[in-house]
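Down below is the structure, laid out as structure tokens.
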Amino acid sequence: MKRSFLFVALLFTVFASCKNYEDFDFTGSVVDYEMCNGISEIGYAVALTSPDTIGGDYTTREMQQFQNVVVIYGSDRMLHSGDKISGRIYLDPGHSEAECNYHYNDRDVPEAVFTKLSVEK
């Protein structure tokens, strides 16, 4: 009985740790950044041009306001304000709360994670 309980608990842990996500194409411009775990992990505030209805209103450090913004984590390179980017992301509500040392409670924009990233030259 004890072995079957341990097996079921182990099986549940394995399935719970698997992330199942549905990523989608996006295009947009980087407008700001937010610290996650120091300089090694940063969330980028991206004003999306496509899709055009999933983001929220965002105010940058320079007090510029943007619409349709998503904060995206997991970049494989350093991005800068004004960079035009595209690729694939998946929405991950509460990503910063679960994964980051810094969590921003004063904004109401979705959080996402990159699965593919391209920067226009």
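Odds and ends about this structure:
- Among the residues of region 68-100, the ones that are of a type in the set (Ser, Thr, Tyr) and within 12 Å of ALA112 (Cα to Cα) come to 4 in all.
- All strands (runs of 3 or more DSSP E) inside region 26-121 with 1 or more residues being of a type in the set (S, T, N, Q) and surrounded by 19 or more Cβ atoms within 10 Å (Cβ to Cβ): 65-73
- Residue check for THR27: more than 16 Å from the chain's Cα centre (by Cα) and modelled with pLDDT of 90 or more: no
The values are calculated or read from the model by the stated rules, or taken from the named source; none is laboratory data. Quick caveat, the model's predicted, so the values are computed rather than measured. Note that we place each Cβ from the backbone using ideal geometry, even for glycine, and neighbour counts take in every protein chain shown.
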